[in-house]
Structures are given as C-alpha cells and as structure tokens.
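Structure record follows, encoded as structure tokens.
The values are calculated or read from the model by the stated rules, or taken from the named source; none is laboratory data. The shown structure was predicted, so the numbers you read here are calculated from the model rather than taken from an experiment. Backbone-built Cβ (ideal geometry, glycine too); neighbour counts: all protein chains shown.
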Amino acid sequence: MEFIQELHEARLTRNTSGLKALTYTDCCERAYLTLLVLELLRRFPITAPRAHGYAKSTTGYDSYKYFRISGTDLYNFVYFIVGDGDAQDKLKDPGAAKKLRQRLQFPLMAFNRYVSNMSRGFAPTPSDEQFLIRAEGVLRITNADYKAIRRNIFSFNRISTLAKKQTVTRLVFAARAKLRSSDIIQYLEELSAQRNLELYKVTDPEPKVSMPDIDVTGRDLSGYRYLVGAKNLMLTKKFLELAKDGKPVPAAMIQAYMPAITMVDNIVKAGPGFVQMLRTLENRAKKTPNS
C-alpha cells in the first residue's frame, strides 16, 4: 500500500503552466517511455511493487476525460493523447496537437487491460509486448533505440549481462532527457544504481529539445513545393522526419531543404522588423483551421 501512496501524484504534469512546453508528440513519446520503464521495473523483485502500484494509480479513475494533478504522469499523458480539444489546448501548439489527435486512434481498451493486469501483479506475457508494438505504431514511435529497448526488455532473461546494462543505460538516458521531473524516474535510477546496471563510458544520444508536432501530409508537400521546388520534395519530407526524431540528417537532404533555410536567413539579415513580420505571419498561420 505504501508504494501506491508514494506514486499516486503526477510530477511532470503537475500543473498546466508547465504543460505549455510539451507538444502532442512529446506526450506520445513520454507515455511510451513510461511504459518501457514500468516493463523494466516489473522484472525485478525489488521494483516490481513500484510498477504494480503505479499501474494501480493510473487506473484509479473511470476515464481519461479530465486532467488530474492527483493522477500519475502516465494517466495525464493518456489524457492529452485521447482527450478532446480542451486537453490539447493545454499543450504547446494546440492547433498542431488537435490535427494529430484527429488522426490518432489510441487503443484505450487494450491500454486499460494492460495496466489493469500489471496493477494486479500479473507476470509479463507475450500479449504485453504485442500491445507495446501496437502502441509504437499508433503513437508514431520511430526511434530505433526505443524499439530495441522494448525488444531487449521482453527478452531480458535471455540476453547477456552487457546487453542488460546497455539496455538499462539507454533507457536511463531517455528517461533523464524526457522524464526528468516525472513520478517514475527515481525508481529507474534506484534500480540502476542498486543493481549496477548503468554504463558510464557511453555517449548520451538523446536530443534535449521538445519534439515538434510535425506531420507532413500531401497538402503540406504541395506547399513545400513553392519553397524548395518539386525536385526537392521527397528529400525535404525525409529531412523533416529525421529532424523531428533528432537523428543525423544526410547532406543531400539538408541541401534539398536549403531554399527554405536561405529564405529564413534572408529575412533575418533584413533586420528585426522583418523577423517580427515573419513571427506575426506564423502566429496567424497557427490559428487557421487547417494549421
């Protein structure tokens, strides 16, 4: 019972003012990372009760219709993912968030079943991994490292000690970058320290910036055609996708996007007045129905 009392209150999503730093994409990514942390915690006797208690606190309400300070961060992430327009209005870019929300069909019943089973102390099953694989697709998780972490966690008893340490270290890096003030990270770090599972001579690959809600549609590409030219469209699309994920971008893709970069550079060089006009235009664009 003490674990439930410790874990029931959200920290990362404690207040609405801090939410303005989060995009819809951030919420999707952080929800997925929280699930990975829970999956790791439930594999160790010393931390399994933490995972069970956290899951119980997440399922302690009848729906995800309301933002709850007393809910877990995972509960609130799901609220932002599946909620109505009021939920997305609390985020960094409400217009883009609502646009993505319309296209995303989160498997809420499967999620409830998953966390309910975890809250009751059930051991991990293949169906749990199938749910996470499904969630990856729905939440648009494209980070190959996160997918590798998921595969290794569900094969944890079969992989080498080094592979276990690499998996935990990578998850710790991700949590420190994306879940730093969350209500779950301290238990991951305690597990890592107690079991000596973190490798220290490893480069942290995590980007330290919020992930923008970039969703390049056919309509968007038709607009980009006027900026970069028809011949650069597909490379520009790939450039945006890689940049969103914080991945290295090949030179050819950067060159394809250069016309847009040059345009912004010309505006900056023209002076503050022109920059302000650009910002004003962007704010107007965000408020249009199709933005």
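Filtered by the rule that a residue be among the charged types (D, E, K, R) and assigned to a helix (DSSP H, G or I), region 20-71 gives Asp26, Glu29, Arg30, Glu39, Arg50, Lys56. If you take the residues in region 73-113 that are out of contact with any Gly (no Cβ under 9 Å at 6 or more places or on another chain) and among the aromatic types (Phe, Trp, Tyr), which one is surrounded by the fewest Cβ atoms within 10 Å (Cβ to Cβ)? Per the stated criteria, the residue is Phe106. Taken over region 125-184, the criterion of being within 30 Å of Ile69 (Cβ to Cβ) and exposed (fewer than 14 other Cβ atoms within 10 Å of the Cβ) is satisfied by Arg180, Ser181. Within region 78-98, residues that are more than 23 Å from Asp220 (Cα to Cα) have Cβ atoms under 9 Å from residues that are assigned to a helix (DSSP H, G or I) and among the polar types (S, T, N, Q) in these pairs: Val78/Thr58; Phe80/Gln88; Lys90/Thr16, counting only partners at least 6 apart in sequence or on another chain. Assess whether Gly246 counts as being of a type in the set (Gly, Ala, Ser), modelled with pLDDT under 75 and under 24 Å from Leu100 (Cα atoms). Taking the combined requirement at face value, the residue satisfies it.
The set of residues in region 136-159 that are outside any loop (DSSP other than H, G, I, E, B) and β-branched (Val, Ile, Thr) comprises Val138, Ile149, Ile153. Just one of the listed residues (Met211, Met253, Met234) is surrounded by 15 or more Cβ atoms within 10 Å (Cβ to Cβ), at pLDDT below 85 and in a helix (DSSP H, G or I), namely Met253. Comparison of Ser57, Ser70 shows that the only residue that is over 16 Å from the mean Cα position of the chain (by Cα) and surrounded by 18 or more Cβ atoms within 10 Å (Cβ to Cβ) is Ser57.
Remark: pairs (first residue in region 273-286, not assigned by TED's automatic domain parsing to the domain that holds Gly95; second residue loosely packed, with under 11 Cβ neighbours inside 10 Å; Cβ separation under 9 Å; 6+ apart in sequence or on different chains) = Phe274/Asn266.
Scanning for something modelled with pLDDT under 90 and not aromatic (Phe, Trp, Tyr), does region 130-139 turn up at least one residue? Outline the logic, then answer.
Quick first cut of region 130-139, residues modelled with pLDDT under 90 only: none.
No; the residues of region 130-139 include none that is modelled with pLDDT under 90 and not aromatic (Phe, Trp, Tyr).
Check Leu162, Leu171, Leu188 and return the single one that is without any contact (Cβ under 8 Å) to a residue 12 or more places away in the chain, in the same structural domain as Leu38 (by TED's automatic domain parsing) and outside any loop (DSSP other than H, G, I, E, B). Before you say what the answer is, go through the steps one by one.
Working: Leu171 fails: without any contact (Cβ under 8 Å) to a residue 12 or more places away in the chain; Leu188 fails: without any contact (Cβ under 8 Å) to a residue 12 or more places away in the chain.
One residue alone meets the criteria, Leu162.
If the condition is being of a type in the set (S, T, N, Q) and closer than 14 Å to Val78 by Cβ, then region 90-120 contributes Gln105, Asn112, Ser116.
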